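All remarks here apply to the structure that follows.
The values are calculated or read from the model by the stated rules, or taken from the named source; none is laboratory data. All values derive from a computational prediction rather than experimental measurement. Glycine also receives a Cβ, built like all others from the backbone with ideal geometry; neighbour counts cover every protein chain displayed. Accessible surface areas use protein heavy atoms only, side chains included; no ligands, DNA or RNA. Shrake-Rupley method; radii C 1.70, N 1.55, O 1.52, S 1.80 Å.
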Amino acid sequence: MAQPNLNSRGESVLRTLIETYLEAGEPVGSRLLAKRYPEALSSATIRNVLSDLEDESMVAQPHTSAGRIPTERAYRYYVDRWLKSLPPGPDVEGRLSSTLDGLDLDPEAWARHASRTLSEVMGGVCVALPLPLSQSRLVRLEFVPVGPNRLVAVWVGSLGEVEHRLMENPWQHPESVLTELGNYATAHYSGLTLLEMRSKLLEALRVGAQEGESLRRRLQELAAEWPEDPGAMDPPVLVSGLGRLGGLPEFEDVSRFRDLVAAFEERGRLARLLNAFAGRASEDVQLLLGTENPYFETWPLATAVRTVALGPAGFVTFALVGPLRMDYGRVLGGLRWWSRQVQSRRDRA
């Protein structure tokens, strides 16, 4: 959809309407808007601006006699236009600071504590997925010799991590061959997990294609020797604060809330959501509004996703989920500040 064509007055009325609706939770009428608007405008002028905003699909009228509410498109415009670098409030910083302790605990235990706190402070549901490094996707692979029979494999992953593994080199591959192997793996297997890369290598060797066969065979030998944690299990999806949604006007209908609970009980759906956005969320908060979220596109929900690194233990991806009537400044500013603090604490550890 094309960018909306809004003049300065249309922008200002839209922002006032959104912020009034976020606060009150009720459709906003022209009289209330006139009271909240920073300049003196008549109700008739406000109604004309609202009509223009409706033509741009920025506001909707749920009932003929009701006021207006923002649309999904309006929320996206609001966030992108005004909330890019909003800092969190001091109360948010203080309450989230409690999660900075215990980062050296088991990742699942820490994620459970952090998700409960995020849900309480931000409101809505917090979903968390601890991601072991085995879930990392390849960005670059390098092999560095450290002696006649040993090497270090350097895995640069999709979540920004750099993992070093000391390995045996019984084949005594020289540095030039190791460099070639790393370049080949990076070019052909970028975006795959280690297990997926192994599978591709084995399949290529089974087919027996001549081109690059020697390189693939050598690389497969190295991949087979890559040390792993044999006790690693698929991590659980953690859900905190689901009951809070039931107290919001958007989900006061019992049957509607029951359907939403059932959707959150589909752990596979939640895991796919978190995995799909984990990489991008390691760089910054990813905000999905309504239909932008392919895993909850039929629900009027806002989802803010952020991935934080826990060092050698791996990563945890968090998703804060609430109605479209979300306090975006609090959530986005809070998540950005909090993730920076987690990273800083890990760097000092």
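Per-residue ellipticity at 222 nm, computed for the chain from helices alone with -39500 (n - 2.57) per DSSP H run of at least four residues, works out to -15000 deg cm²/dmol. Each other residue within a Cβ distance under 14 Å of G191 adds +1 if Lys or Arg and -1 if Asp or Glu, for a net charge of +3. Rounded to the nearest 10 degrees, the inclination of helix 43-55 to the longest alpha-carbon principal axis of the chain is 30 degrees.
Shown in residue order for the stretch 168-173 are the 3J(HN,Hα) couplings computed by the Karplus curve 6.51 cos²θ - 1.76 cosθ + 1.60 at θ = phi - 60°: 6, 10, x, 7, 6, 4 Hz (x for Gly and Pro).
Backbone amide hydrogens, once placed in the peptide plane, bring R137 within less than 5 Å of S158, L159, excluding anything fewer than 5 places away on its chain. Computed over protein heavy atoms with a 1.4 Å probe, the accessible surface of the chain works out to 49 Å² per residue. Neighbours of A319, meaning other residues whose beta-carbon lies under 12 angstrom from its beta-carbon, give a summed charge of +3 when Lys and Arg score +1 and Asp and Glu score -1.
Scanning residues 5 or more positions from R150 or on other chains, those with amide H under 5 Å from its amide H are N169, with H placed 1.01 Å from N in the peptide plane.
Please list E297, E142 from largest to smallest accessible area, probe radius 1.4 Å, with all protein chains kept in place. Numbers along the way, then the final one.
Numbers: E297 100, E142 70 Å².
The most accessible residue leads, giving E297, E142.
For the stretch 267-280, 3J(HN,Hα) computed residue by residue from phi via the Karplus equation (6.51, -1.76, 1.60; θ = phi - 60°) reads 4, x, 4, 5, 5, 5, 4, 5, 5, 5, 10, 4, x, 5 Hz, glycine and proline entered as x. Sorted largest first, the spans of the alpha carbon positions of the stretch 101-150 along the three principal axes are 56, 23, 13 Å. For q values of 0.07, 0.09, 0.15 Å⁻¹, compute log₁₀ I(q)/I(0) with the Debye formula on a Cα-only model of the chain, without solvent. Those come out to -0.41, -0.62, -1.20, one per q. Shown in residue order for the stretch 252-257 are the 3J(HN,Hα) couplings computed by the Karplus curve 6.51 cos²θ - 1.76 cosθ + 1.60 at θ = phi - 60°: 6, 5, 4, 5, 5, 5 Hz (x for Gly and Pro).
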